[in-house]
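For reference, the structure is listed below as structure tokens.
The values are calculated or read from the model by the stated rules, or taken from the named source; none is laboratory data. Everything quoted here is computed from the prediction, not taken from an experiment. Neighbour counts run over all protein chains shown; Cβ positions are idealised from the backbone, glycine included. For accessibility, only protein heavy atoms count, side chains too; no ligands or nucleic acids. Shrake-Rupley method; radii C 1.70, N 1.55, O 1.52, S 1.80 Å.
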Amino acid sequence: MIARIARKEFTEMARDGRFRASAAVVLVLLAASIAMGWAHRREVAAQHREAGRATRRQWLEQGAKNPHSAAHYGMYAFKPKMPLSLIDPGVDAYTGVAVWLEAHKQNDFKYRPAQDATALARFGELSSAAVLQLLVPLLIILLSFPAFAGERDLGTLRQVLSLGVRPRDLALGKALGVATALALLCVPSAVLGVLAIGLASDVYSLPDDLPRLALMAVGYVLYLGTFVGASLAVSAWSGSSRAALLTLLAFWVANGLIVPRLSVDVARRLHPTPSSLEFGQAIDRDIKQGMNAHDPADRRLADLKARVMKEHGVGRLEDLKVDFAGIALQESEEYGYRVFDARYAELWGTYARQDEVQRAAALASPLLAVRSFSMAMAGTDPEQHRDFARAAEAYRRVIIKHMNDDIAEHGKGPGVEYIAGDDVWAKVPDFEYTPPGVSRVLARRWPDLAVLGGWLALSSAAAVAAASRIRVS
Amino acid sequence: MLARIMRHDWRCLAADRTARLLVAVLAAFVGYGVYNGSAWVRFQRGAVAAAMEDQERRLAELRRDAAAIDPKAEPPVSFLDPRTPGVVAGSRGQRFAAAPPGPLAAMDVGQADLYPFCFKMTNRTKQTFITTDEIENPSNLLAGRFDLGFVVVYLFPLLILGLSYDLLSAEREQGTLAMTLSQPVRLRTVVLGKVLARAALILALAVGMSVLAGLLAGLDLSGPEVPARLGLWALVVVAYGAFWFALALAVNALGRGSATNAVILVASWIALVVVAPALLNVAVTSLRPVPSRVSLILAIRDASAEASARGSNLLARYYEDHPELAPAEAAPVPADFLTKLQAVQGSVDRTIEPVMARYDDQLARQQDLVDRLRFLSPAVVTQEALNDVSGTSLARQRFFLAQVDEFHRAWQDFFIPRIMRRERFAPADFDAIPEFQFREQPLASVGPRVAEGVIGLAIPALALAALGLLALRRYRITG
């Protein structure tokens, strides 16, 4: 019986010009967004790889100089563009693309792509994620708001129920019918998506990318299922199809537009972001508490001198086998690390708490849960940006340590400034970044899936309950 | 007759609970939007004030240290010496070039939260200060702000559609239309009366509420051109609202049922407010792509590496070109490092200038294309016009950046000769350090663009209304 209802529902939709037109539009948008995402990601990924090589070349060919000058010259780290970003670009446009790694300072990421965009960008990117999060739910609503209410308006509901069809079967059948119609739309797009990912990934990331894609699909199935359930529930509950449509549209607007923005503002109010000046001043203040290796009058420098001489068992600085400058520089860097670690942990903690508030708002808007989950699976969420920032900072410390160690080891010379060459720069290893694996991301983001599961369960239960208590007129 | 229909419709609306609810919801959104916008304004003002305080404190310390120093003694730390112009220009005496929030920023944050508004001036290349951003959680930037601009562009049309999707169809479905038309009145007059009644009420409410909320949020009416900007704001809101009323009228004139009307109108809303801007964005970025910033970074690096390698040569050449700046035999400050650095920076600036100009040029060309294509979506026209009126647009940011450039040049003109002459900075010189004076983007440069936008909204609105009234001829009153 359920299958028969589903078939009737599906046939009806397939014959409906409105459905065919809107489905065609959504399908074209999905396909176009995948194609564009693929091209864009390929271009950006190639640029960043090329830039990574170029910055390495610049580092190696910087010429003879003092290693501390080399540390000031530094290197850039370019954020890799993740293969799945072609489906969901996440916050990529709002995080910088490159960070400068130099002595004494942990820098912020520069060049947010959104800054180079016109006001149009603020309306949102045309990504597959946006289509799935905003447009497909709307399509579901437009498909299924008349499911019960429309039949009641037409008087066919009385007929169907008089045949002895159980209302629950009716609801299930209709849900299946809508799901089949949707599958007709989403399955080809998904296949296209998998192909695109296959082309975008390299051999090493593919085993990680496919599970990510599969999990992402699970998230979207739960999310879209919620809309099917909610549409049927409202359709069964409402007195007329007009009322059903208006209620569902109100839900759609709240879910997609109002709650996401409201929750951002609430999050910011609960956990305010400091201004960049405030943040910079706090770091400067902390750094000033530490030792300044460039300031010969610094008292802590004298303490360090005494300690190093004692460690090496000599009475005078001149008798040291190592160059004291290298040790002093490293010592002041180490102090800086503690400051940066603490301050950035604080800043990122604020961001994380803001994100938590937004995720909590997913109880009012499933879009927030699916958005957070989808970005996380695509590797384009704020957390994985911070993961890269941490890796870049760790690499900065490797560069600086190499330079300072080299000064300590070889810098001890007769009066003139120590100059090192290419062989010293080559000792710094290449920057290798491995993004966190799918299991680590899932371990962090399963609550989003749980929330989506909860939404689906709730909306299905509501649909069944509403269907079984349905009034015929 | 028209007036009588309008009065009747107002009475019906006043009695309708849904209408009152919708108006209450609009009021809540407007209030909350302005509340959020003014939070942004407070943040920006606070950040600028903190920067000014920081600047005053540093300059005071500098003066104090300069006064305390023994003119004959060499300072213990040369890179902190308040008498060295390079030190004053590049660290201790740096001044900020800051922009206050736009005149109506409390109403529309627009692009302002993406752009830096405070730069610390230096004698080094523009690249060293121009990339300082405000820090912000990227997920906040992604979601965007709930400001009044958002309410106007996204939610206001929905409210209009909610009030007028069944303008005519409901009367027909309830059977009252036939009854009304049995009176000596034309269908066109009835429809026009109903639309005008609703439009007058809703537009007046929307404009009144935004202005009131803006005033409550502390909008400075005495500020230059603020009343005129408010007037333009009202004009844009009215034109945008008129477009949606006209669309509702045209769809009602097709003669379908209420539910179908609602579906058509929502689909139009999605197409014009959500999909079209995204498609336009795709068109603009693929027709006029901005060169990658990544290659800019690499170009700057190569230029600086080359300039540093030729540092001493560049310095020698600098003095050949500027013999008047060559220091006297017994230069008082042996700051060779700083002079060399300055010569290198100058060379880097010259090398990367064309690269930077290419970016700015391409961005401007992109914006030109947007200016032309925006008319394809009333939402884009409105958003851009509101950003322009509020002073939160890309154009205003570019106007500010041009002033920052000017200030940078003034800064360099003041400091570089002193650095290259290896002069000592006298206490009196502190008063002569250039200061940044922000000039607001004049309304005269904003007005024509906004007027264009209003016309771009009014023409399709009038066309839709005319088409709708024309289609009413074939309207079937029953069935």
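Points to keep in mind about this one:
- Among A:PHE340, A:VAL464, A:ALA24 the positive-end extreme of the charge dipole of the stretch A:2-468 (Cβ point charges): A:VAL464
- Straight-line cross-link partners of A:LYS174 among the lysines, defined as a Cα under 28 Å from its Cα and at least 8 positions apart when in the same chain: A:LYS8.
- Area of A:TRP425 that stays accessible when all protein chains are in place (1.4 Å probe, Å², to 10): 0
- Electrostatic tally near A:ILE5: other residues with Cβ closer than 12 Å to its Cβ, Lys and Arg +1, Asp and Glu -1, net +2.
- The P(r) of the stretch B:87-133 has a tail past 13 Å containing 62 percent of all C-alpha pairs.
- Summed buried accessible area for B+A [probe radius 1.4 Å, Å², rounded to 100]: 7100
- Chain-alone versus full-assembly comparison, the stretch A:276-314, residues with accessible loss of at least 50 Å² (1.4 Å probe): A:SER276, A:LEU277
- Stokes-Einstein translational diffusion, chain B - Kirkwood Rh over all Cα pairs, 1.567 mPa s, 4 °C, in µm²/s: 49
- Using a Förster distance of 25 Å, the FRET efficiency for A:GLN289-B:ALA50 (Cβ separation, nearest 0.05): 0.75
- Residue-normalised accessible area of the stretch A:2-468, expressed per residue, 1.4 Å probe, Å²: 42
- Here the dipole of the stretch A:2-468 is about 1820 debye; that uses its Cα centre as origin and unit charges on the Cβ of Lys and Arg (positive) and Asp and Glu (negative).
- Debye intensity ratio in log₁₀ form over the Cα atoms of the protein assembly as shown, taken at each q of 0.05 Å⁻¹: -0.37
- Overall, the anisotropy analysis places the stretch A:239-393 in the prolate class: the square-rooted eigenvalues a ≥ b ≥ c of its C-alpha gyration tensor yield a/c not less than 1.5, with a/b exceeding b/c.
- Mean separation of Cα contacts under 8 Å, 6 or more apart, over the residue count of chain B: relative contact order %: 27
- Cα long-axis angle, helix A:382-410 against chain A (0 to 90 degrees, to the nearest 10): 10
- Global form of the stretch A:1-124, assessed from the alpha-carbon gyration tensor, a/c cut-off 1.5: prolate
- Helix axis angle, B:293-309 relative to chain B longest principal axis, alpha carbon, degrees: 10
- Förster radius 22 Å - calculated FRET efficiency between A:ALA14 and A:VAL160, Cβ distance, rounded to 0.05: 0.65
- Counting only protein heavy atoms and using a 1.4 Å probe, the accessible area of B:MET107 comes to about 0 Å².
- B:ASP368, B:ASP65, reordered so the largest accessible area comes first (probe 1.4 Å): B:ASP368, B:ASP65
- Pairs exceeding 22 Å between alpha-carbon atoms, taken from A:LYS305/A:LYS412; A:LYS65/B:LYS126; A:LYS79/A:LYS110: A:LYS65/B:LYS126.
- Placing unit charges on the Cβ atoms only, positive for Lys and Arg and negative for Asp and Glu, gives the stretch B:334-382 a dipole magnitude near 140 debye about its Cα centre.
- Per-residue SASA entry for B:ILE297, accessible area with 1.4 Å probe, Å² rounded to 10: 0
- Sparsely packed GluC sites (Glu not before Pro) within the stretch A:402-473, loop by DSSP, other Cβ within 10 Å at most 13: A:GLU417, A:GLU432
- P(r) histogram, all alpha-carbon pairs of the stretch A:349-473 included - 10 Å bins from 0, percent: 10, 25, 18, 15, 13, 8, 5, 3, 2, 1, 0
- Residues listed by number, the stretch A:394-414, amide nitrogen under 13 Å from A:LYS427 label point at 7 Å toward C-beta: A:399-412
- Within the stretch B:283-317, backbone nitrogen closer than 20 Å to the virtual label 7 Å beyond the Cα of A:ILE419 toward Cβ: B:304-317
- Mean accessible surface per residue for chain B, computed with a 1.4 Å probe while every protein chain stays in place, in Å²: 42
- Pairwise Cα distances in the stretch B:1-148 exceed 25 Å in 56 percent of cases.
- Point-to-point label distance, B:ASP368-A:LEU199, nm (Cα→Cβ direction, 7 Å offset): 3.3
- Taking the Cα centre of the stretch A:225-345 as origin and assigning +1 to Lys and Arg Cβ atoms and -1 to Asp and Glu Cβ atoms, the resulting dipole is close to 640 debye.
- Largest accessible area first, the residues A:HIS68, A:HIS312 order themselves as A:HIS312, A:HIS68 under a 1.4 Å probe with ligands, DNA and RNA left out.
- As a length-normalised measure over Cα pairs under 8 Å and 6 or more apart, the relative contact order of the stretch A:2-468 settles at 26 percent.
- Accessible-area composition of the protein assembly as shown, carbon plus sulfur, in percent [1.4 Å probe]: 62
- Neighbour-limited loop hits for GluC sites (Glu not before Pro), the stretch B:339-446 (at most 10 other Cβ within 10 Å; DSSP other than H, G, I, E, B): none
- Net lengthening on full extension, B:ASP133/B:LEU212 (0.36 nm per residue, minus Cα-Cα): 25.1 nm
- Applying 1/(1 + (r/R0)^6) with R0 = 30 Å to the Cβ-Cβ distance of B:ARG64 and B:ALA410 gives a FRET efficiency near 0.70.
- Dipole orientation for the protein assembly as shown: of the candidates B:ALA199, B:GLN174, B:LEU464, B:GLN174 has the Cα lying most toward the positive pole (charges on Cβ; Lys, Arg +1; Asp, Glu -1).
- Model label sites at A:VAL28 and A:VAL314, defined 7 Å from Cα along the beta-carbon direction, differ in position by 7.8 nm.
- The stretch A:148-297 shape via C-alpha gyration tensor axes, a/c threshold 1.5: oblate
- Whole-Å semi-axes of chain A's equivalent ellipsoid (Cα gyration tensor): 60, 22, 16
- Heavy-atom accessible area, 1.4 Å probe, ligands and nucleic acids excluded: residues of the stretch A:117-133 down by at least 50 Å² from chain alone: A:THR118, A:ALA119, A:LEU120, A:ARG122, A:PHE123, A:LEU126
- Using alpha-carbon coordinates, inclination of helix A:241-253 to the longest axis of chain A, degrees: 0
- When all protein chains stay in place and ligands, DNA and RNA are ignored, the 1.4 Å accessible-area order of A:ARG20, A:ARG212, largest first, is A:ARG20, A:ARG212.
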